[in-house]
Amino acid sequence: MKEQPIINETEFNEIFAIMEASFPVSEIRTRSGQQALLNHPYYHLYTRRNEEGQILAFLAAWELPELRFVEHIAVNPEVRSGGIGRELMSGFLARSDKPVLLEVEPPDGELEQRRIGFYERLGFYLNPYEYVQPPLRAGQADLPLHIMTYPEPVTVEQFERFRELLYTEVYGVDARSRV
């Protein structure tokens, strides 16, 4: 898997279209908010392309000094269930020498349980600690989610440190005001 810097509007549009088709509005930033991340030194995009160069899938991650955070991974709906997402994530994990975190919805429904199972098969652990994602857009409420970690579950102390890093570095909010 090779990092593909987003250098033009067409590539950004391909990724944002996959993002909009894959996530509810509460789990993605506005177009301009997402585009602004491209200039952040910790934010990286990894893509999988077809022979024509079209982006089929992407993984958006924050490469922080203490951890790697997968903010989004998505596959174009037209080519889902072909193993592209698994390959993209497996390659990302193979290059990880520090904990990898991601957020998932609570396992309340079949789709959510299947998504958690997908990550568990890749070696992630669902942690039991309370967590909310701060709003990604103005006017939205906190979003109750769970944190999954790779390659092992985390202690409550590790979780609290990781949550603080996510709040301050990824979401730009004061961690103390969120707990």
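Just a few scattered comments:
- Residue check, residue 31 touching a residue at least 40 places away in the same chain (Cβ under 8 Å), open to solvent by 20 Å² or more (accessible area, probe 1.4 Å), in contact with a helix residue (DSSP H, G or I) (Cβ under 7 Å, 6 or more places away or on another chain) and over 22 Å from residue 147 (Cβ atoms): no
- Taking the range 4-22 as the range and being open to solvent by 40 Å² or more (accessible area, probe 1.4 Å) and either in contact with a Cys (Cβ under 8 Å, 6 or more places away or on another chain) or at pLDDT 90 or above (or both) as the test, the residues that pass are 13, 14, 17, 20, 21.
- Boolean, residue 87 is within 23 Å of residue 115 (Cα to Cα) and in a helix (DSSP H, G or I): yes
- The set of residues in the range 154-165 that are without any contact (Cβ under 8 Å) to a residue 60 or more places away in the chain and either surrounded by fewer than 16 Cβ atoms within 10 Å (Cβ to Cβ) or of a type in the set (Ser, Thr, Tyr) (or both) comprises 155, 156, 157, 160, 164.
- Filtering the range 132-151 for residues that are more than 27 Å from residue 30 (Cβ to Cβ), assigned to a loop (DSSP other than H, G, I, E, B) and free of Cβ contacts under 8 Å to residues at least 60 places away in the same chain leaves a non-empty set.
- Scanning the range 60-90 for residues that are modelled with pLDDT of 95 or more, small (Gly, Ala, Ser) and either farther than 22 Å from residue 34 by Cα or out of contact with any strand residue (DSSP E or B) (no Cβ under 7 Å at 6 or more places or on another chain) (or both) gives a single hit, 90.
The values are calculated or read from the model by the stated rules, or taken from the named source; none is laboratory data. Not measured: the values here are computed from a predicted model. Neighbour counts run over all protein chains shown; Cβ positions are idealised from the backbone, glycine included. Side chains included, ligands, DNA and RNA excluded: accessible areas come from the protein's heavy atoms. Shrake-Rupley method; radii C 1.70, N 1.55, O 1.52, S 1.80 Å.
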